[in-house]
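Enquirer: Let me begin by handing over the structure; questions about it come next.
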Amino acid sequence: MSLTIATLIPGLLLLALGLPLVAGHSGCAAALKAFPRSSTAALFFFGGGAAWFLYGIWHLSAADFGDYRTLLFCAFAAIAVLSFKSVPDFLAVRGLCVLVLMGAMPLLDAAYMEYDRPQRLFMVTFVYLAISAAIWLGAQPWRLRDFFGWLFARPGRARLIGGACAGYGLLLTGVAFSY
């Protein structure tokens, strides 16, 4: 993946998240409030995250326990399937966290050893903050529900956070075309 694409992806995602919050769409607020316990979102996000993780397991090299990949693949596939039955609460949040953690590696790999392009640090900083949030929310997924409750308690908060996300997304989008 090129550094331009790796910077453009988080920028566009932040714009897609921030602009509806700035606009104050009631549908956006309802969708975000329903997201943590949504079974459809759990199927999409956790299913997608599990598939991506299992793809990574299947393509392990011998140095990374690749000799045991069949066993690891079967064990993690069973855990993923049983998660839908055993721990369905907040599975969408955990799935989003898995996708963030899996998606961070290609983005950071694109910026690796690009010392002559210091503007890459705008993207790298955001990715590391997203990794930190994903680890925290993966361990305590109910915190996202609490955050959405706090965010929509006052209308100005959602617009402020949405404006910050959209602004940083616009910055990343601009940086992507400066390489």
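Enquirer: In whole percent, what relative contact order does the range 3-176 give with Cα contacts below 8 Å and a gap of six or more residues?
Expert: Relative contact order here is 46 percent.
Enquirer: Ok, one more. Residues with beta-carbon under 10 Å from that of Leu21, excluding Leu21: net charge, scoring Lys, Arg +1 and Asp, Glu -1?
Expert: Local net charge: +2.
Enquirer: While we're on this one: So which DSSP H runs in the chain come out at 18 Å plus along the axis (Cα) with average Kyte-Doolittle of at least 1.6?
Expert: Helix filter hits for the chain: 3-23, 91-111, 120-139.
Enquirer: Now a separate question. Taking the alpha-carbon set of the range 88-179, what are its Rg and Dmax in Å?
Expert: Cα radius of gyration and Dmax of the range 88-179 are 15.4, 46 Å respectively.
Enquirer: Would you report the distance distribution of C-alpha pairs in the range 3-176 as whole percents per 5 angstrom bin, up to the bin with the largest distance?
Expert: Answer for the range 3-176: a P(r) of 1, 8, 14, 17, 19, 16, 12, 8, 4, 1, 0 percent.
Enquirer: Further question on the same structure: Quick check: convex hull of the Cα atoms in the range 79-134, volume per residue, rounded to a whole Å³?
Expert: 73 Å³
Bear in mind these aren't lab numbers, they're just calculated from the coordinates by the rules spelled out. Just so you know, these numbers come straight off a predicted model, no measurement behind them. So basically every Cβ, Gly included, is an ideal-geometry build from the backbone, and we count neighbours across all protein chains shown.
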